[in-house]
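What follows is a set of notes on a single structure, which appears directly below.
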Amino acid sequence: MTIEKQFSEALRAAIEESRRIGYPPNRFETMLNEMGAIPLAKKLVKSSDLQTGLDALKKLGRPDLSLEHIMQKEEFKSLFSKTELEAAQWRLQSAH
């Protein structure tokens, strides 16, 4: 399995776990299906707006299920630029 496919699978597993703990990331899942995992990740971390899903997951004590956290896993870092990874880290720190 390619690293890109592994990243996509990690996001889909996070979606399922998010639903299990009470947060349904329906909009995120739709965007994932439409854009693909890597283009979606790159688009969202460039956005100046914090997504409500990140805040929701942080409030539930599960920021590890966020796109931003998954991007920074060692096995996926090579998919993203230093700037994109820094943006993901900033977003994690800025979420409420």
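The values are calculated or read from the model by the stated rules, or taken from the named source; none is laboratory data. Remember, predicted model here, so these are calculated numbers, not experimental data. Note that each Cβ is placed from the backbone with ideal geometry, even for glycine, and that neighbours are counted across all protein chains shown. Quick note on the areas: whole protein, heavy atoms, side chains included, nothing else; ligands and nucleic acids left out. Shrake-Rupley method; radii C 1.70, N 1.55, O 1.52, S 1.80 Å.
Solvent-accessible area per residue in the chain equals 57 Å², computed with a 1.4 angstrom probe and all protein chains kept. The residues neighbouring residue 7, those whose beta-carbon lies less than 14 Å from its own, together hold a net charge of -1 under the Lys/Arg +1, Asp/Glu -1 convention. Using a cutoff of 8 angstrom between alpha carbon atoms and counting only pairs six or more residues apart, the relative contact order for the chain works out to 32 percent.
Spin-label pair residue 60-residue 83: with each label point 7 Å from Cα along the Cα-Cβ axis, the two points sit 3.2 nm from one another. In the chain, the portion of solvent-accessible area held by carbon and sulfur atoms comes to 53 percent [1.4 Å probe, whole percent, DNA, RNA and ligands not counted].
Here the chain is treated with +1 on each Lys and Arg Cβ and -1 on each Asp and Glu Cβ, and its dipole about the Cα centre works out to around 140 debye. Treating each Cα of the chain as an identical point scatterer and summing with the Debye formula, the log10 of I(q)/I(0) at q = 0.12, 0.14, 0.23 Å⁻¹ comes to -0.32, -0.44, -1.31. Across the chain, the longest piece that holds none of the GluC sites (Glu not before Pro) lying in DSSP loops with up to 16 other C-beta atoms within 10 Å covers 1-73. Among the trypsin sites (Lys or Arg not before Pro) in the range 64-96, those located in a DSSP loop and surrounded by at most 13 other Cβ atoms within 10 Å of their own Cβ are 73.
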